[in-house]
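Student: Quick one: this structure, given as structure tokens, is what I'll be asking you about.
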Amino acid sequence: MKICFLSSQPCALTVNDAYFGRTDRFERTAELSLKDGLFIRFTPENALPLGFFLNENIRFQPPEGCEVYLLKDGIAIYAYDFPPRDYTLRPIAQAKREDTLVTVFAQGKVQVAIQSPQSFFTATLPPCFAVCEISFFEEFTFLRAPDTLAVFAPNGERVFLEKTLAFSVENGVLKVTLPLSDCLGRIAECEYELTQNACVRKRCVLKQARTRTGETEAGKIRDELLPYAFFESVLIGANYAEMLSSELAEKASELSAFLGDFVAVVPTEDTRVCGLVRKKKERLFELSYYAVEIQNGKICDIKG
């Protein structure tokens, strides 16, 4: 079976203690049998390693610290949550608004603590928040890392976490600019309503950030990039009807239900086919594949 290995940081990958190579966010692939029960270890430079036995159980229960993706022709394993070597408490940022104190600190992992007279909440943050700024809007707490924004509601729930180019808050509306696919050079300008303990998307518009990247001279997306652009637009709630033929555009409202819920889009070697990533359970995902037919620069058919 094809097994793809990836990691959030550079790692030495060993199989039964034999060095296999270096892993990072680009996949390293091997043909391995789940019946052999091989021992896999990801060893990063500045954290403790992750190790597990590769067997049939991985289809149902991901190893600790890993995400597992069930592919049509194999399995992808993404190691990302490595046990830290150092648990020294290090403050990163702190801010107070009236009677609410927010502290971002590192103790093994980057964390945030939100304390008020009524409650006390803690949450783990991505490593990028090792550098961050804290701000407030009414009862909401905003944590801004160099390229990521996190928003916490008054009840302590994280209601927003995205890579973000810019953001502002006006009259209870969060306006953010999100980077999208590099191959298309596009951005999404989205608006979210902040109300009670929720952050609800109300508007999303796609824009071209870099002129002619992924476009033809007429300003249209090239055919080989159109399938990915379409599925990405469905995912973020942007206007995808403009990418459809006139006949298919009449059924645009039905396409979202046809495709179902998915959390990411993955291109394949066939530019007409994309994999839609669906969440089966915590840290376990499955890819469904859809093929697109294109005529005259428009999508005229979608097959699952």
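Yes/no matrix, rows are residues, columns are (1) in a loop (DSSP other than H, G, I, E, B); (2) at pLDDT 90 or above; (3) surrounded by 15 or more Cβ atoms within 10 Å (Cβ to Cβ):
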residue	(1), (2), (3)
LYS175	no, yes, no
ILE187	no, no, yes
GLU191	no, yes, yes
ARG212	yes, no, no
PRO227	no, yes, yes
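Student: Ok, one more. Which residue pairs have Cβ atoms under 9 Å apart, sit 6 or more places apart or on different chains, and have a first residue in the range 3-20 that is touching a residue at least 60 places away in the same chain (Cβ under 8 Å) and a second that is outside any strand (DSSP E or B) and open to solvent by less than 40 Å² (accessible area, probe 1.4 Å)?
Tutor: ILE3/LEU32; ILE3/LEU34; SER7/PHE82; SER8/PHE82; GLN9/PHE82; CYS11/PHE82
Residue-wise test of (1) part of a strand (DSSP E or B); (2) modelled with pLDDT of 95 or more; (3) under 17 Å from the mean Cα position of the chain (by Cα).
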residue: ILE77; (1), (2), (3): yes, yes, yes
residue: PRO117; (1), (2), (3): no, no, no
residue: ILE134; (1), (2), (3): yes, yes, no
residue: THR141; (1), (2), (3): yes, yes, no
residue: VAL159; (1), (2), (3): yes, yes, yes
residue: SER168; (1), (2), (3): yes, yes, no
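Student: Could you count how many residues in the range 60-80 are without any contact (Cβ under 8 Å) to a residue 60 or more places away in the chain and either of a type in the set (S, T, N, Q) or surrounded by 14 or more Cβ atoms within 10 Å (Cβ to Cβ) (or both)?
Tutor: Within the range 60-80, residues that are without any contact (Cβ under 8 Å) to a residue 60 or more places away in the chain and either of a type in the set (S, T, N, Q) or surrounded by 14 or more Cβ atoms within 10 Å (Cβ to Cβ) (or both) number 2.
Student: Please indicate, with yes or no, whether at least one residue in the range 235-252 is in contact (Cβ under 8 Å) with a residue 40 or more places away in the chain and touching a Phe, Trp or Tyr at 6+ places or on another chain (Cβ under 6 Å).
Tutor: Taking every residue of the range 235-252 in turn, at least one turns out to be in contact (Cβ under 8 Å) with a residue 40 or more places away in the chain and touching a Phe, Trp or Tyr at 6+ places or on another chain (Cβ under 6 Å).
Student: Do you know which residues across the range 261-287 are touching a Lys or Arg at 6+ places or on another chain (Cβ under 7 Å) and either part of a loop (DSSP other than H, G, I, E, B) or open to solvent by 50 Å² or more (accessible area, probe 1.4 Å) (or both)?
Tutor: ASP261, PHE262, VAL263, GLU286
Student: Among THR122, THR141, THR148, which is the only one that is over 19 Å from ASN197 (Cα atoms) and β-branched (Val, Ile, Thr)?
Tutor: After ruling out the rest, the residue left standing is THR148.
Student: Hey, another quick one. Restricting to the range 119-132, count the residues that are outside any strand (DSSP E or B) and under 13 Å from PRO154 (Cα atoms). Spell out the reasoning first.
Tutor: So in the range 119-132, the residues outside any strand (DSSP E or B) come out as 119, 125-132.
Cutting the leftovers down to under 13 Å from PRO154 (Cα atoms) gives us 119.
The total comes to 1.
Every residue, every condition in (1) in contact (Cβ under 8 Å) with a residue 60 or more places away in the chain; (2) touching a strand residue (DSSP E or B) at 6+ places or on another chain (Cβ under 7 Å); (3) open to solvent by less than 30 Å² (accessible area, probe 1.4 Å), yes or no:
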residue	(1), (2), (3)
LEU101	no, yes, no
PRO117	no, no, no
THR141	no, yes, yes
GLU162	no, yes, no
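Student: Mind checking which residues of the range 83-115 are modelled with pLDDT under 95 and within 30 Å of GLU286 (Cα to Cα)?
Tutor: Listed by number, the residues that qualify are PRO83, PRO84, LYS109.
Student: In addition: Hey, can you tell me all the residues within the range 1-50 that are of a type in the set (Gly, Ala, Ser) and either over 12 Å from ALA79 (Cβ atoms) or surrounded by fewer than 15 Cβ atoms within 10 Å (Cβ to Cβ) (or both)?
Tutor: Listed by number, the residues that qualify are ALA18, GLY21, ALA30, SER33, GLY37.
Student: Can we say LEU6 is closer than 20 Å to PRO126 by Cα and either in contact with an Asp or Glu (Cβ under 7 Å, 6 or more places away or on another chain) or not in a loop (DSSP other than H, G, I, E, B) (or both)?
Tutor: Yes.
Student: Can you tell me which of GLU45, GLU67, GLU56 is touching a strand residue (DSSP E or B) at 6+ places or on another chain (Cβ under 7 Å) and among the acidic types (Asp, Glu)? Talk me through it step by step, then tell me what you get.
Tutor: Working: GLU45 fails: touching a strand residue (DSSP E or B) at 6+ places or on another chain (Cβ under 7 Å); GLU56 fails: touching a strand residue (DSSP E or B) at 6+ places or on another chain (Cβ under 7 Å).
Testing whether each residue is touching a strand residue (DSSP E or B) at 6+ places or on another chain (Cβ under 7 Å) and among the acidic types (Asp, Glu) leaves just GLU67.
The values are calculated or read from the model by the stated rules, or taken from the named source; none is laboratory data. What you are looking at is a predicted structure, and each value in this text was computed from that prediction instead of being measured. Note that each Cβ is placed from the backbone with ideal geometry, even for glycine, and that neighbours are counted across all protein chains shown. These accessible areas exclude ligands, DNA and RNA; they are computed on the full protein's heavy atoms, side chains included. Shrake-Rupley method; radii C 1.70, N 1.55, O 1.52, S 1.80 Å.
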